[in-house]
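The values are calculated or read from the model by the stated rules, or taken from the named source; none is laboratory data. Here the structure is a predicted model, which is why all the values come from computation and not from measurement. Here Cβ is always computed from backbone atoms with ideal geometry, including for glycine, and neighbour counts include all displayed protein chains. When the accessible area is computed, the model is the full protein with side chains, heavy atoms only, and any ligands, DNA or RNA have been set aside. Shrake-Rupley method; radii C 1.70, N 1.55, O 1.52, S 1.80 Å.
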Amino acid sequence: MLKVGITGGIGSGKSTVTRFFSELGVPVYDSDQRAKSLMQHNDSIISKIKKEFGDNSYQNNALNRSHLAEIVFKNELKLKQLNAIVHPVVRTDFYNWLSQNSDAKFVIKEAAIMIESGAYKDLDKLIVVNANREQKIKWIKKRDHLLLEDIENRIQNQLSDEIRNQYADFIIENNSSKKELKQQVLSVYNKLID
Ligand code: ATP
């Protein structure tokens, strides 16, 4: 069974592409959502985060996101430490999930950060989703109501499309309608089941 990754810049359309694969019946693992859930419920992660970032990292048993964000977005080392706590547990969780989907021809793992973390090395194929800058900014503004400056900062802090593309087995250019995007997904799907 092939393990296929989907990654791309912020607002490029990763989740939309992943949803299209899911509609085609492909099992999908959303790494970012699973990481959030594990940070909330996994005892080993909870105790390590409290030890590293203070007991106030959780309030009334809920992850105190603003406290953590305050620390890690100002300090790259702290961000690395947080990732070092969370990523190995997500990786194990992914392998457990895989064993429950072993009869699929291929599965999809979506993650915003996949090349930087090295997680792509666990996968057989990588799909990179790109959209042009103006388009992405327009979509993110509409969805998240962020300031232009914040969006530009986030884009700036990510890998460039050029670097991401070097790791890609398939590149999806999301610069037109969702209908056209779906056609590109179908074309990649057909190659993967071949
Ligand atoms: P993030 O990294 O921020 O989670 P993402 O890469 O997963 O984003 P999506 O959530 O799929 O991207 O897309 C961002 C927004 O742009 C969504 O609101 C989505 O509906 C919209 N969008 C994506 N592609 C298109 C398209 N081709 N036409 C119109 N809207 C689109």
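Just a few scattered comments:
- Ligands, DNA and RNA left out, the 1.4 Å accessible surface of the range 99-140 is 45% carbon and sulfur atoms.
- Peptide packing: for 18-28, 91-101, the average count of neighbouring Cβ atoms within 10 Å per residue gives the ranking 18-28, 91-101, highest mean first.
- The count of lysine pairs in the range 1-96 with alpha-carbon distances below 30 Å, taking only pairs 8 or more places apart or on different chains, stands at 23.
- Relative contact order [Cα under 8 Å, 6+ residues apart], the range 1-88, whole percent: 19
- Computed in the context of the full set of protein chains, the accessible area of the range 17-70 at 1.4 Å probe radius has 44% of its extent on carbon or sulfur.
- Computed with a 1.4 Å probe over protein heavy atoms only, the accessible surface of the chain comes to 58 Å² per residue.
- Working note: 222 nm ellipticity from helices only, DSSP H runs with n ≥ 4, each -39,500 (n - 2.57), summed and divided by the residues of the chain, gives -17000 deg cm²/dmol to the nearest 500.
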